Amino acid sequence: MILVTVGAQMPFDRLVQAVDAWAEATGRTGEVFAQIGEGGREPRHIAWTHFLEPDEFRRRLAEADVLVAHAGTGSIFSALEFGIPVLVLPRHADKNETRNDHQIATAKRFEALGHVRVAWDESEVGPALEALLSDAARSGCVAPHASPNLIAALADFVASA
């Protein structure tokens, strides 16, 4: 299963629509579930909800083969915790998707560390998702589990910044 999340603060139509189009084009509509936020454009080809309670999000993440998300640290940390390969599309301030370009910086850093695959534009989401799924099929699991201590240290670091 492919889990898509835009986080809890606002919708992220570029991401949701890119995954929705990919699912329709590949016939994988039944394999995707998305959390789209309040007020966003509703996808036509994948299952979705506006919001997931934290327990429900963790349950769905535990069942997921891949996470597709905005480049929020919470989503990335969750994927690392569960050992789920993650594809991120950073939000852009100049597109009024966020207040500044912190997600671009986050995506660059985690990509450099080898922890995420990044689609820098919505047109790259489909090909990047295909590559991530192919990697996962070849290796059985792409992402290593992060220790709870590492997750806690990263969360503390982000909170103190």
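I need a count of the residues in region 81-125 that are under 21 Å from Ala137 (Cα atoms), in contact with a Phe, Trp or Tyr (Cβ under 9 Å, 6 or more places away or on another chain) and at pLDDT below 95.
So the answer is 1.
Under the condition of being in contact (Cβ under 8 Å) with a residue 24 or more places away in the chain and among the charged types (D, E, K, R), which residue from region 86-120 is surrounded by the fewest Cβ atoms within 10 Å (Cβ to Cβ)?
Filtering region 86-120 for residues that are in contact (Cβ under 8 Å) with a residue 24 or more places away in the chain and among the charged types (D, E, K, R), the one surrounded by the fewest Cβ atoms within 10 Å (Cβ to Cβ) comes out as Lys95.
Exactly one of these conditions fails for Val68: (1) in a helix (DSSP H, G or I); (2) modelled with pLDDT of 90 or more. Give me its number.
All conditions are met except number (1).
Would you pick out the residues in region 31-85 that are out of contact with any His (no Cβ under 8 Å at 6 or more places or on another chain), among the acidic types (Asp, Glu) and in contact (Cβ under 8 Å) with a residue 40 or more places away in the chain?
Glu63, Asp65
Condition check: within 20 Å of Met1 (Cβ to Cβ), modelled with pLDDT under 95, in contact with a Leu (Cβ under 6 Å, 6 or more places away or on another chain) and not β-branched (Val, Ile, Thr). Does Leu132 satisfy that?
So Leu132 passes the test.
The values are calculated or read from the model by the stated rules, or taken from the named source; none is laboratory data. A quick note: this is a predicted structure, and the numbers were derived from the prediction, not measured. No Cβ is skipped: glycine too gets one built from the backbone with ideal geometry, and neighbour counts run over all protein chains shown.
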